[in-house]
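Working notes, structure below.
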Amino acid sequence: MSYRSTPVPDDALEKITVKGLDFFYGDFHALTDITVGIKEKAVTAFIGPSGCGKSTFLRCFNRMNDLIPGARAEGRITLDGQDIYAAGVDPVDLRRRIGMIFQQPNPFPMSIYDNVAFGPRLQGVKKADLDKIVQTSLERANLWKETKDILGRNGLALSGGQQQRLCIARVLAVEPEVMLMDEPCSAIDPTSVQKIEDLMAELKDRITIVIVTHNMQQAARVSDFTAFFLQEMAGEPAVLVEYDRTANIFTSPKDRRTEDYITGRFG
Amino acid sequence: MASLPSIPTENKLRLVSRATHLKEIGLKNLFLVCACVAVAGVLLIFAFVGLRGWPAFAEVGPWSFLSGTEWNPTDGIFGILPLIWGTVVVMLGALVIGTPLAVGTAVFLSEIATPRVRAIVRPAVELLAGIPSVIYGFFGLIILRPIVANFTDGLGFGAVTAWFILAIMIVPTIATLSEDALRSVPPGIREASYAMGATTWQTIYKVLIPAAKIGIIDAIILGMGRAIGETMAVLMVVGNAPVFPESIAAPIATLTTQIVMDMPYAAGMHRTALFGMAIVLFLASMGLVALVRLMSRFQTSIESGR
């Protein structure tokens with residue numbers, strides 16, 4: 001396993017800070033007392049067994065959980081020091097700053113161009129500037145070469161891996177500060193996984209990335225920091241067991257449960 | 001290890017019994033017959049209407065039958081253009097009023113209503129389709145016609161009254177099918193739109209309606225079919241004058257209403273001309289069904305990007 005060549009400095013700023021977060025789906029208490037600081041311009045991985053609430057936690061950052069009836073968060077999450085759950089904060093504006101990539105590639109059933117131009121158009125970017133934005137975004141997503149001659153083709157006509165990079169280009173087009181990735185590689189082929197991992201390494205110079213992954217090797221390969229989540233008993237809320245530099249988590253975990261998980265004793 | 005009670009076995013594999021075999025064949029054929037009855041029904045009606053109506057085209061001449069501007073059976077003048085015109089005017093007006101209403105209902109049901117509200121509204125919309133059309137006609141005649149009469153200088157018999165009645169009648173067809181189309185948009189696409197920072201309204205009109213476009217157009221086409229074919233309710237409010245109307249509130253007639261009005265007494269060429277009109281209706285609805293088929297093929301082809 002190879003770790004990132006340039007380590008993130010210890011005094012790196014915290015982009016997102018979470019303090020004492022509890023999360024509920026109606027009566028179901030999904031997460032309890034999560035406290036974590038996500039470093040700026042670094043890749044942070046959330047790992048843990050299925051159903052341990054890591055995706056739920058990720059979706060608190062851009063308030064996608066707001067769309068689920070009965071879901072609510074207690075505690076505090078700040079983006080650059082501002083409480084994102086404070087009264088009056090517009091989740092729509094928040095989501096423009098925090099992009100999200102999903103497990104299933106989900107391009108809109110429209111042309112490749114329109115997919116990438118979607119976000120800028122929402123923000124009222126002038127037509128004349130769109131071509132440039134579309135090209136730059138596709139280039140940053142390493143998809144420009146494959147698509148520059150077929151920009152008018154439906155996004156759904158691309159392969160699964162290309163679709164996922166199209167979704168990344170769509171997010172990059174609005175210049176987000178943070179990109180949340182919810183198991184972005186579990187529904188695509190290995191060659192594409194490689195491309196997306198390379199892409200993450202390139203992108204973290206500009207943006208903060210948080211990735212949920214089932215795949216521990218992937219967490220070890222791509223991330224600077226790793227958080228391990230665990231739901232110890234069915235029906236009980238999940239907890240954040242350990243959060244540290246990825247190298248420490250995978251070589252010298254402090255918690256016995258982390259060690260058991262990464263050595264494959266359960267989960 | 002405890003020994004299980006042994007099941008007596010024969011050395012040879014058993015053959016399918018003759019009775020089972022016959023039953024299988026019998027059932028298969030029974031279902032085939034059921035399917036054939038439907039197909040035969042369409043073919044028989046088509047043959048019957050075609051044979052009875054063909055002379056209208058042959059003897060009046062297809063061009064003067066279809067584009068003749070005067071319908072005067074007593075004098076042997078059979079031009080059905082006023083009736084085609086009436087049909088088209090009534091249908092288009094109903095679509096213009098009914099489509100926004102129906103698509104709005106579909107958007108509400110699929111994107112805005114909570115499950116509890118939806119559980120009340122959707123059956124209510126479906127119930128609209130179950131109301132006998134004579135009741136709609138009655139409603140139009142008693143309630144709507146006087147209102148229309150107040151706003152226009154006629155008696156309220158005419159296209160306008162029919163528009164409103166028909167608009168309500170096509171709402172369930174268009175609304176339920178459009179809602180199905182909207183709900184069949186993959187949830188990931190909806191999520192992606194919200195995650196991109198789109199508002200609910202932007203998600204609806206920039207992503208969901210375009211994604212469900214073909215399904216919604218299908219729904220509108222089927223609504224057109226309903227509007228063209230509707231007879232009773234239209235008959236009761238439209239005034240039944242087979243002429244080009246001077247205004248949208250003046251009496252007109254449609255193909256279907258004229259057939260109903262004339263059929264009881266028509267004889268000879270007049271009767272044949274009515275069957276000729278039935279052929280026109282038949283072809284129109286077949287054309288609409290074919291259009292729906294074409295649309296869904298079109299959708300498959302854009303999704304695969306060819």
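The values are calculated or read from the model by the stated rules, or taken from the named source; none is laboratory data. Owing to the predicted nature of the structure, the values given are computational and were not obtained by experimental measurement. Please note: Cβ atoms are built from the backbone with ideal geometry, for glycine as well, and neighbour counts cover all protein chains shown. With ligands, DNA and RNA removed, areas are computed over all heavy atoms of the protein, side chains included. Shrake-Rupley method; radii C 1.70, N 1.55, O 1.52, S 1.80 Å.
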Would it be correct to say that A:PRO105 is open to solvent by 10 Å² or more (accessible area, probe 1.4 Å) and not aromatic (Phe, Trp, Tyr)? yes
For segment A:218-254, give me the residue count where each residue is acidic (Asp, Glu) and open to solvent by 40 Å² or more (accessible area, probe 1.4 Å). 2
From the list B:GLY130, B:GLY154, B:GLY137, B:GLY158, which residue is more than 14 Å from chain A (Cβ to nearest Cβ) and touching a strand residue (DSSP E or B) at 6+ places or on another chain (Cβ under 7 Å)? B:GLY158
Tally of residues being more than 18 Å from the chain's Cα centre (by Cα) and among the charged types (D, E, K, R) across segment A:6-40: 6
Residue pairs within 7 Å by beta carbon, gap of at least six or interchain, first lying in segment B:181-197 and over 25 Å from A:ASP93 (Cβ atoms), second among the charged types (D, E, K, R) and open to solvent by less than 20 Å² (accessible area, probe 1.4 Å), listed first then second, are none
Please verify whether segment A:198-208 includes one or more residues that are under 14 Å from the mean Cα position of the chain (by Cα) and assigned to a loop (DSSP other than H, G, I, E, B). yes
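Restricting attention to strands (runs of 3 or more DSSP E) lying wholly within segment A:1-62, give those where 3 or more residues are over 20 Å from A:PHE250 (Cβ atoms) and in contact (Cβ under 8 Å) with a residue 12 or more places away in the chain.
Numbers: elements: A:14-25, A:28-39, A:43-47.
So the answer is A:14-25, A:28-39.
Being part of a loop (DSSP other than H, G, I, E, B), aliphatic (A, V, I, L, M) and over 17 Å from the mean Cα position of the chain (by Cα) is the filter; apply it to segment A:147-184 and report the residue that is farthest from the other protein chains (Cβ to nearest Cβ). Quick ask: steps written out before the conclusion?
Narrowing segment A:147-184 to residues part of a loop (DSSP other than H, G, I, E, B): A:148-153, A:158-159, A:173-177, A:183-184.
When the remaining residues are screened for being aliphatic (A, V, I, L, M), the result is A:150-151, A:158, A:173-174.
Restricting the remaining residues to those that are over 17 Å from the mean Cα position of the chain (by Cα) gives A:150-151, A:158.
Numbers: A:ILE150: 8, A:LEU151: 12, A:LEU158: 8 Å.
Per the stated criteria, the residue is A:LEU151.
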Segment A:151-205, residues that are open to solvent by 20 Å² or more (accessible area, probe 1.4 Å) and small (Gly, Ala, Ser): A:GLY152, A:ALA157, A:SER159, A:GLY160, A:SER186, A:ALA187, A:ALA201
Filter result for the condition that a residue is buried (at least 18 other Cβ atoms within 10 Å of the Cβ), more than 14 Å from chain A (Cβ to nearest Cβ) and either assigned to a helix (DSSP H, G or I) or hydroxyl-bearing (Ser, Thr, Tyr) (or both), over B:ARG190, B:ARG226: B:ARG226
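Among A:ILE77, A:ILE68, A:ILE84, A:ILE98, which is more than 9 Å from chain B (Cβ to nearest Cβ), touching a residue at least 40 places away in the same chain (Cβ under 8 Å) and in contact with a helix residue (DSSP H, G or I) (Cβ under 8 Å, 6 or more places away or on another chain)? Full working, then the answer.
Values: A:ILE68 fails: in contact with a helix residue (DSSP H, G or I) (Cβ under 8 Å, 6 or more places away or on another chain); A:ILE84 fails: touching a residue at least 40 places away in the same chain (Cβ under 8 Å); A:ILE98 fails: more than 9 Å from chain B (Cβ to nearest Cβ).
Result: A:ILE77 is the single residue among A:ILE77, A:ILE68, A:ILE84, A:ILE98 that is more than 9 Å from chain B (Cβ to nearest Cβ), touching a residue at least 40 places away in the same chain (Cβ under 8 Å) and in contact with a helix residue (DSSP H, G or I) (Cβ under 8 Å, 6 or more places away or on another chain).
For every residue, the table says whether it meets (1) open to solvent by less than 10 Å² (accessible area, probe 1.4 Å); (2) within 20 Å of A:VAL212 (Cα to Cα).
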position	(1), (2)
A:ASP27	no, no
A:PHE57	yes, yes
A:ILE68	no, yes
A:GLY81	no, no
Identify the single condition in (1) at pLDDT 95 or above; (2) part of a helix (DSSP H, G or I); (3) within 13 Å of another protein chain (Cβ to nearest Cβ) that A:GLN135 does not satisfy, given that it satisfies every other one. (3)
Residue match in segment A:111-132 (condition: touching a residue at least 12 places away in the same chain (Cβ under 8 Å), assigned to a strand (DSSP E or B) and closer than 25 Å to B:ALA212 by Cβ): yes
Of residues in segment B:252-263 being assigned to a helix (DSSP H, G or I) and out of contact with any strand residue (DSSP E or B) (no Cβ under 9 Å at 6 or more places or on another chain), the one most open to solvent (accessible area, probe 1.4 Å): B:MET261
Output the number of residues of segment A:258-267 satisfying the condition of being open to solvent by less than 70 Å² (accessible area, probe 1.4 Å) and outside any loop (DSSP other than H, G, I, E, B). 4
Mind checking whether some residue in segment B:282-299 is within 14 Å of chain A (Cβ to nearest Cβ), of a type outside the set (S, T, N, Q), surrounded by 12 or more Cβ atoms within 10 Å (Cβ to Cβ) and part of a helix (DSSP H, G or I)? yes
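Each row is one residue, and each column tells you yes or no for (1) open to solvent by 50 Å² or more (accessible area, probe 1.4 Å); (2) in a loop (DSSP other than H, G, I, E, B); (3) without any contact (Cβ under 8 Å) to a residue 24 or more places away in the chain.
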site: B:VAL243; (1), (2), (3): yes, yes, no
site: B:GLU246; (1), (2), (3): yes, yes, yes
site: B:ALA250; (1), (2), (3): no, yes, no
site: B:THR272; (1), (2), (3): no, no, no
site: B:PHE275; (1), (2), (3): no, no, no
